[in-house]
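Colleague: Below is one structure. I have some questions about it.
The values are calculated or read from the model by the stated rules, or taken from the named source; none is laboratory data. Computed from a predicted structure; not experimentally measured. Every residue, glycine among them, receives a Cβ derived from its backbone with ideal geometry; neighbour counts consider all protein chains shown. Areas reflect the complete protein model, heavy atoms only, side chains present, ligands, DNA and RNA absent. Shrake-Rupley method; radii C 1.70, N 1.55, O 1.52, S 1.80 Å.
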Amino acid sequence: MTEVRVPADWPATPEAARAEQDRLRPLVDLVGPGPTAPRLVAGLDVAYAEDGDRLAAAVVVLDAASRTVVDAAVAVGRVAFGYVPGLFAFRELPALLDALDRLTTLPDLLVCDGHGLAHPRRFGLACHLGVLTGLPAIGVGKTPLTGTWDPPASPRGSWSDLRDGADTVGRVLRTRDGVKPVFVSVGHRMGLDNATDQVLALSPDYRLPETTRAADRMCRQALAGQVGRVSPR
């Protein structure tokens with residue numbers, strides 16, 4: 001497997017990374033509405049080695065109707081940036097973009113294991129990936145990065161606003177009855193109502209979307225050396 005190469009002009013300091021966020025943030029489309037019936041949906045996730053210096057990024061494309069894998073790719077390399085709160089995407093983006101480039105199928109929607117607008121600088125991983133690729137993107141976080149919320153009602157499909165000051169930056173969504181919610185936010189070229197609907201549709205049996213679950217399995221296998229050339233099942 002070819003090692004991921006970090007671009008020569010990749011930000012090397014927190015100041016440079018924040019400047020890049022500031023440059024790209026105005027390009028984010030937070031309205032959409034985005035695809036309401038996407039045919040191919042990609043899940044993206046990253047796993048880290050125990051020493052924290054190496055990572056594996058996986059992109060798994062599912063048929064949205066059957067939730068079967070139609071394409072997949074993985075990239076392994078070293079982290080591209082230090083650990084700085086609010087700038088975590090800069091560690092992972094080169095590997096994720098490398099994995100996306102290896103796909104033979106263009107997805108209609110990117111579902112990121114992370115956040116989009118629900119980010120302290122309003123520019124999380126889903127926003128960054130969406131702007132760089134031009135593809136509709138949403139973020140689905142297991143835990144929040146910012147904001148306050150009221151607990152949603154217990155039944156599946158219940159939600160409450162995720163608020164940061166006067167702004168609504170996402171939704172706290174219950175994907176299973178009585179199970180901890182997930183944190184949904186717009187990344188790029190999607191509306192929040194549509195993003196919520198897509199996450200529910202992709203989470204018929206478990207708390208996390210099937211896209212996230214599939215990508216999580218693949219990047220962990222790759223990090224453990226169990227994945228070589230990846231092909232669709």
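Colleague: If you take the residues of segment 41-58 that are surrounded by 17 or more Cβ atoms within 10 Å (Cβ to Cβ) and of a type in the set (Gly, Ala, Ser), which of them is nearest to the chain's Cα centre (by Cα)?
Modeller: Filtering segment 41-58 for residues that are surrounded by 17 or more Cβ atoms within 10 Å (Cβ to Cβ) and of a type in the set (Gly, Ala, Ser), the one nearest to the chain's Cα centre (by Cα) comes out as 43.
Colleague: Looking only at segment 92-136, filter to residues that are among the polar types (S, T, N, Q) and under 23 Å from residue 217 (Cα atoms); which one of those is least open to solvent (accessible area, probe 1.4 Å)?
Modeller: 105
Colleague: Hey, another quick one. List the number of the failed condition for residue 179; all other conditions in (1) open to solvent by less than 50 Å² (accessible area, probe 1.4 Å); (2) in contact with a strand residue (DSSP E or B) (Cβ under 6 Å, 6 or more places away or on another chain); (3) free of Cβ contacts under 8 Å to residues at least 60 places away in the same chain hold.
Modeller: Just one mismatch for residue 179, condition (2).
Colleague: Oh, and also: Taking the condition at negative phi and part of a loop (DSSP other than H, G, I, E, B), does residue 43 pass?
Modeller: In short, no.
Colleague: Those residues that are under 15 Å from the mean Cα position of the chain (by Cα) and touching a residue at least 60 places away in the same chain (Cβ under 8 Å), I need them from segment 196-210; list them, please.
Modeller: Once the filter is applied, which keeps residues that are under 15 Å from the mean Cα position of the chain (by Cα) and touching a residue at least 60 places away in the same chain (Cβ under 8 Å), segment 196-210 yields 198, 199, 202, 208, 209, 210.
Colleague: Mind checking which residues of segment 139-174 are of a type in the set (A, V, I, L, M, F, W, C) and at pLDDT below 95?
Modeller: 145, 166
Colleague: Here's another thing I want to ask about it. Collect the residues in segment 1-40 that are open to solvent by 80 Å² or more (accessible area, probe 1.4 Å) and assigned to a loop (DSSP other than H, G, I, E, B), keeping them in residue-number order.
Modeller: 1, 2, 5, 8, 9, 12, 31, 33, 36, 37, 39
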